[in-house]
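Chemist: Can you read through this structure? Questions will come right after.
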Amino acid sequence: MRVTILPAREVKEVDARTVADLLKALGLHRDAHLVVRGEDILTTDVRLTAADEVEVWPVISGGAA
Amino acid sequence: MRCHRCKAPANVEIRRSRTAYCARCYPDWFRQQVQERIDHERMFRRDQRVLVAVSGGKDSLALWHVLLKQGYQADGMYIRLGIGDYSRRSQEKSEAFAAARGLTLHQVDLKDDHGFAVPDLLDTRSGKPCAACGTVKRYHFNKVAADLGYDVVATGHNLDDEAATLFGNVVHWNTDYLGRQGPVLESTHPKLVRKVKPLYRLGERETAAYSIIERIDYILEECPMAKGAKSLAYKDVLNTLEEEQPGAKYRFLVGFLKEGRAAVRTGGFDQASDLRECTRCGQPTTTDLCAYCRMSDRGRQKAAAKAARYGRQPAAEPDE
């Protein structure tokens with residue numbers, strides 16, 4: 001499936017059966033990212049297909065004192 | 001996964017409590033969590049004026065959004081830190097949020113009003129301005145709140161921020177800071193405004209989900225100066241642990257606040273003790289000249305040196 005990783009909008013083709021698998025394949029923490037399909041945020045158990053197009057949103061902010 | 005409330009397909013899972021919510025039920029759940037903390041910690045009442053420290057990011061805008069939805073008198077304040085395009089875009093997001101809702105957004109411009117910007121405050125050892133940037137923010141949010149008669153300053157610090165700060169203070173055994181960490185920092189001086197963190201039990205994944213579902217347009221990019229910051233390394237360690245042990249961050253922070261803080265609390269004060277007024281700016285401090293004034297002197301010297309090197313005019317001296 002086609003995965004767009006924000007904020008740089010880097011595009012990758014990834015094979016993954018579920019959202020959890022997708023994050024694992026990308027080496028990303030579940031608690032540090034949201035996966036969005038269309039306008040819907042997806043839970044990690046949602047099944048994905050090769051035809052899906054999803055976005056990965058990072059949620060970590062930092063640098064605070 | 002199904003919504004814990006209505007059993008529709010879920011959108012946002014809360015792994016630490018093994019629950020999930022759909023996009024219709026989630027915002028209500030999120031606002032209830034914030035309200036419960038405001039009430040339980042007695043952060044502020046609806047007849048009090050709240051100043052929200054706004055950065056243009058998901059946490060501060062989500063907090064402002066929740067407070068307005070819950071019927072609080074909440075104005076915003078944004079500091080123009082002078083971090084290039086990042087500052088310009090975060091200012092645009094903050095201004096757009098306020099303008100779309102007819103809200104008051106106070107602003108301070110570091111460069112124009114005070115003669116330096118955050119990139120002038122690099123720490124010589126770490127090469128990062130993050131600690132100094134924190135001092136700048138605390139100083140100006142407090143000063144504007146005190147000058148304009150706000151009862152409380154509310155910041156968007158979330159569970160991940162607080163757990164990372166706690167982790168760093170434990171790693172380095174900063175017992176003085178450990179004793180002061182908490183969701184409410186009481187005023188200890190007439191010019192020191194109470195500070196509260198209503199989102200401190202909600203993860204940043206949860207504030208991001210709230211912002212996306214409520215269509216809050218926030219700045220997604222990370223501050224370019226924070227790359228390599230220690231706080232991000234601590235968050236990464238804690239998120240690695242969270243993968244294996246959902247709820248570890250929550251238990252670490254909440255357990256500390258319930259059980260550990262009293263044991264390390266060194267003085268029984270909330271923000272600082274033995275406060276007097278800075279001989280230059282009049283703000284509360286423990287020394288003759290406050291940390292902000294000492295730091296801004298160095299920042300202005302750096303800014304002037306840069307201006308001389310690159311042929312630009314230095315910014316005007318502030319009238320502090």
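Coordinate-derived values only; no laboratory data. Computed from a predicted structure; not experimentally measured. Positions of Cβ are backbone-derived with ideal geometry, glycine not excepted, and every protein chain shown enters the neighbour counts.
Chemist: Ranking A:Val19, B:Val237, A:Val3 by Cβ neighbours within 10 Å, fewest first, what do you get?
Modeler: Details: A:Val19 25, B:Val237 13, A:Val3 20.
Result, fewest neighbours first: B:Val237, A:Val3, A:Val19.
Chemist: Ranking B:Val171, B:Val108 by Cβ neighbours within 10 Å, fewest first, what do you get? Could the numbers behind the result be given before it?
Modeler: Values: B:Val171 11, B:Val108 19.
The most exposed by this proxy come first: B:Val171, B:Val108.
Chemist: Tally the DSSP beta bridges in segment B:23-276 and give the antiparallel ones as a percent, rounded to 5.
Modeler: Values: 2 of 19 bridges.
For segment B:23-276, the DSSP antiparallel bridge percentage is about 10.
Chemist: Quickly estimate the mean residue ellipticity at 222 nm for chain B, helices only: each DSSP H run with n ≥ 4 gives -39500 (n - 2.57), and the total goes over all residues, rounded to 500.
Modeler: On the way: 12 runs with 144 residues, N = 320.
Result for chain B, helices only: -14000 deg cm²/dmol.
Chemist: Given B:Lys58/B:Lys230; B:Lys58/B:Lys302; B:Lys195/B:Lys235, which pairs have Cα atoms separated by over 25 Å? Present the calculation step by step, with values, prior to reporting the outcome.
Modeler: Details: B:Lys58/B:Lys230 21 Å; B:Lys58/B:Lys302 32 Å; B:Lys195/B:Lys235 23 Å.
Check vs 25 Å cut-off fails for B:Lys58/B:Lys302.
Chemist: Give me the angle, in degrees from 0 to 90, between the Cα long axis of helix B:130-147 and the longest principal axis of the Cα atoms of chain B, rounded to the nearest 10.
Modeler: Relative to chain B, helix B:130-147 is tipped by roughly 90 degrees.
Chemist: What is the ratio of the Cα radius of gyration of the protein assembly as shown to 2.2 N^0.38 Å, with N the residue count, to two decimals?
Modeler: Details: Rg = 21.3 Å, N = 385, 2.2 N^0.38 = 21.1 Å.
That ratio works out to 1.01.
Chemist: For peptide A:32-45, compute the average count of partner chain beta-carbon atoms within 10 Å of each residue's beta-carbon. Show your work: numbers first, answer last.
Modeler: Details: counts 12, 3, 7, 0, 3, 0, 0, 5, 6, 12, 6, 11, 4, 4.
Per-residue shielding by partner chains comes out at 5.
Chemist: Would you please state which residues of segment B:141-155 a label at B:Leu68 would reach in this model, taking the label point 7 Å out along Cα→Cβ and a backbone N cut-off of under 18 Å?
Modeler: B:154-155
Chemist: Still on this structure, I have one more. Hey, how much of the P(r) for segment B:179-222 falls beyond 11 Å, as a percent of Cα pairs? If you can, show how the numbers build up before the last one.
Modeler: Numbers: 708 of 946 pairs.
So the pairs more than 11 Å apart make up 75 percent of the total in segment B:179-222.
Chemist: Now for a different question. Work out the mean other chain Cβ neighbour count within 10 Å for the residues of B:231-240 and drop it here as an integer.
Modeler: Values: counts 6, 5, 1, 1, 6, 4, 0, 3, 7, 3.
Average neighbour count from other chains, rounded to a whole number: 4.
Chemist: Among the listed pairs A:Lys24/B:Lys93; B:Lys128/B:Lys258; B:Lys128/B:Lys249, which are separated by more than 30 Å between their Cα atoms? Could the numbers behind the result be given before it?
Modeler: On the way: A:Lys24/B:Lys93 32 Å; B:Lys128/B:Lys258 33 Å; B:Lys128/B:Lys249 26 Å.
In this structure, A:Lys24/B:Lys93; B:Lys128/B:Lys258 exceed 30 Å between Cα atoms.
Chemist: What FRET efficiency would be calculated for the residue pair A:Ala51, B:Asp236, taking the C-beta separation as r and a Förster radius of 41 Å, to the nearest 0.05? Display every interim value, and only then the final one.
Modeler: Details: r = 33 Å, r/R0 = 0.80.
Efficiency for this residue pair is about 0.80.
Chemist: Roughly how big is the protein assembly as shown's charge dipole about its Cα centre, with Cβ charges of +1 (Lys, Arg) and -1 (Asp, Glu), in debye to the nearest 20? Please list the in-between numbers first.
Modeler: On the way: 59 positive and 53 negative charges, 71 e Å.
Magnitude of the dipole: close to 340 debye.
Chemist: Could I ask something else about it? Quick one: B:Trp29, B:Trp173, B:Trp64, A:Trp57, fewest Cβ neighbours within 10 Å first, how do they rank? Before the final figure, lay out each step's value.
Modeler: Details: B:Trp29 18, B:Trp173 10, B:Trp64 27, A:Trp57 21.
Result, fewest neighbours first: B:Trp173, B:Trp29, A:Trp57, B:Trp64.
Chemist: Right, another one. What angle, in degrees between 0 and 90 and rounded to the nearest 10, separates the Cα long axis of helix B:84-101 from the longest principal axis of the Cα atoms of chain B?
Modeler: 60
Chemist: With each pseudo-label sitting 7 Å past Cα toward Cβ, what's the B:Asp85-B:Arg45 distance in nm, one decimal?
Modeler: Going from the B:Asp85 label point to the B:Arg45 one covers 4.9 nm.
Chemist: Shifting gears a bit: Just grab the label-to-label distance for B:Asp151 and B:Tyr310, each label 7 Å out from Cα along the Cβ direction, in nm (one decimal).
Modeler: Modelled inter-label distance: 4.5 nm.
Chemist: Another question, if that's okay. So what is the relative contact order for chain B, in percent, with contacts set as C-alpha pairs under 8 Å and at least six apart? Don't skip to the end; give the middle numbers.
Modeler: Details: 522 pairs, mean separation 66.8, N = 320.
Once divided by the residue count of chain B, the mean separation gives 21 percent.
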